[in-house]
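See below for the structure under consideration.
The values are calculated or read from the model by the stated rules, or taken from the named source; none is laboratory data. All values reported here derive from a predicted model rather than from experimental measurement. Because the Cβ atoms are built from the backbone with ideal geometry, glycine has one as well, and the counts that use them run over all protein chains shown. The area values use the complete protein model at the heavy-atom level, side chains included, leaving out ligands, DNA and RNA. Shrake-Rupley method; radii C 1.70, N 1.55, O 1.52, S 1.80 Å.
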Amino acid sequence: MKIVIIDYGAGNIQSIKFAFQRLGYEAILSSDADVIMAADKVIFPGVGEASSAMKKLRESKLDLIIPKLKQPVLGICLGMQLMCHSSEEGATEGLGIFDVDVVKFSNKVKVPQIGWNQITNLKSDLFNNIKEKEHIYLVHSFYAPICEETIAEAEYGLGYSAALKKDNFYGTQFHPEKSSEVGEKILKNFIDSATS
Amino acid sequence: MLTKRIIPCLDIKNGRTVKGINFVDLRDAGDPVELAEIYAKSGADELVFLDISATEEGRRTLADLVLRVAEKVNIPFTVGGGISSVKDVDILLHNGADKVSINSSAVKNPQLINDLVAKFGSQCIVVAIDAKQIDGEWKVHLVGGKVPTELNLFTWAKEVEKRGAGEILFTSMNHDGTKDGFANEALAKLSTELNIPIIASGGAGTMQHFTDTFVEGKADAALAASVFHFKEIEIKDLKEELKRNNIPVRL
């Protein structure tokens, strides 16, 4: 099993690497298109600001590679947001894998949302053996509204997408690598997901 | 629903956990990585490591400790203490810290908040504020609460938010170490006037104090050290008690 974490200078990649290590898998960090394309599973991490992360991705030309990947790809947090059509943050054009526009939470709630929230309406193999209303850890100011590709929902002033899926592409707004045992099960489900 | 967070704080000196009573008289309470793993398993929502090492060597030990914690712990953690540059933060985040907290360095150079937010994002920048109520007014203090300033807590907190910090960790010097409860009046004012999460710190003694700080203090999270380190309060019992009081928690 070859797990590659895309290293483009945006993301807490060490934590993801360690999370796989705790599950008994060694994940490789790489920015090399050939290494990424040859992987069995690809992790697309991301924290920080959308437009600068997207700029880094473009500079490395990985924006052209990621949408063409055929193996299971998991975008985490900002990684998931960059896989969407666009983000309101820095008026960023995304990779367009998920057909949804990322927008900012209203100031009726505290922004950023930081902490443990519950996931509901769980669909897809990513949530095998995960109960409704389990808690996962999130830190974010922008969100993807509920859409056709939503496979998990969370509630913060309004309902929004906690996870998305289209074909071989998965995205979680939450951090599975920081979501205790629940997060570890989700990462394991991703590892066990179909290869194409 | 977003839950209220319980955050044990581990004071670190030269790679060991210590806890000061009113920030002096340090007591040793064990190995940080081991303690962190125990807390993660016992239901802590997050951890804070506060480095009080004054030396360069102590600081290098911290970067190494962060890496060891990230390897073992599956919940988020924040690292603070003596951080004063973009480079300091880069090393800690690179080694696996989820957030960093800055304190005195932000007061001395507020632009540091903007610089860190621009480079790493709001979500990982916590500004810690130590304040003491003197003649009715809350004054910000520096260097672990030792040095008073003329800055008003609420004025400073609003500036911190405006500069892009993702969260505020407020420690009341009047309450810290007393075990008489959190500074709920000041906390409620912060939580109402600002629109970023507020972590309450200083004064935890009983489970009721936590309920009070979430209800009266409107805090988003509560941080404590010795009540957890010396097992005066078990996190699981605390969360069950909070749930009975209709406070949303992760159980």
Where in chain A lies the longest segment free of trypsin sites (Lys or Arg not before Pro) that are both loop residues by DSSP (not H, G, I, E, B) and have at most 14 other Cβ atoms within 10 Å?
A:134-196
Can you give me the long-range amide H partners of residue A:151? Hydrogens built in the peptide plane at 1.01 Å from N, cutoff under 5 Å, separation of 5 or more residues or another chain.
A:163, A:164, A:165
On the principal axes of its Cα set, how long, how wide and how thick is the range B:5-244? Give whole Å, largest value first.
42, 42, 32
Whole-number accessible area per residue in Å² for the protein assembly as shown, which is evaluated in the context of all protein chains at 1.4 Å
39
At q = 0.14 Å⁻¹, what base-10 log of I(q)/I(0) does the Debye formula yield for the range A:28-133 when every alpha carbon is treated as an equal point scatterer in vacuo?
-0.66
Pairwise burial A:B, computed as accessible area of each alone minus the pair, summed, 1.4 Å, Å²:
2700
Over 33 Å [Cα-Cα, the protein assembly as shown], rounded percent:
31
From the cross-link list A:104/B:4; B:158/B:189; A:131/A:188; A:2/A:188, which pairs have alpha carbons spaced over 19 Å apart?
A:104/B:4
Work out the length of the dipole vector of the protein assembly as shown about its Cα centre, built from +1 on the beta-carbon of each Lys and Arg and -1 on the beta-carbon of each Asp and Glu, and round it to the nearest 20 debye.
160
Placing unit charges on C-beta atoms (Lys and Arg positive, Asp and Glu negative, everything else neutral), compute the dipole magnitude of the range B:90-206 about its Cα centre in debye, rounded to 20.
160
Largest-first principal axis extents of the Cα set of the range A:3-192 (Å):
44, 37, 27
On the full set of protein chains, 1.4 Å probe, figure out the accessible area of residue A:137 and give it in Å² to the nearest 10.
10
Phi to ³J(HN,Hα) by Karplus 6.51 cos²θ - 1.76 cosθ + 1.60 over the range A:66-78, Hz, x for Gly, Pro
3, x, 8, 5, 9, 7, x, 10, 10, x, 10, 6, 4
Within the protein assembly as shown, the percent of DSSP beta bridges that are antiparallel, given to the nearest 5, stands at 45
For the range A:3-192, size of Cβ-based charge dipole, Lys and Arg +1, Asp and Glu -1, in debye:
260
Excluding the sites themselves, what is the longest stretch of chain B that contains no trypsin sites (Lys or Arg not before Pro) in a DSSP loop with at most 14 other C-beta atoms within 10 Å?
B:1-145
Given the options B:191, B:131, B:105, identify the residue whose Cα lies farthest towards the positive end of the charge dipole of the range B:5-244 (+1 on Cβ of Lys, Arg; -1 on Cβ of Asp, Glu).
B:105
Note down the accessible area of residue B:3, probe 1.4 Å, to the nearest 10 Å².
10
Mind listing the long-range amide H neighbours of residue B:225? Cut-off is under 5 Å, sequence gap 5 or more, other chains count too, H placed in the peptide plane at 1.01 Å from N.
B:9
For a quick check of your reading of the filter: which GluC sites (Glu not before Pro) in the range B:201-250 sit in a DSSP loop and have no more than 10 other Cβ atoms within 10 Å?
none
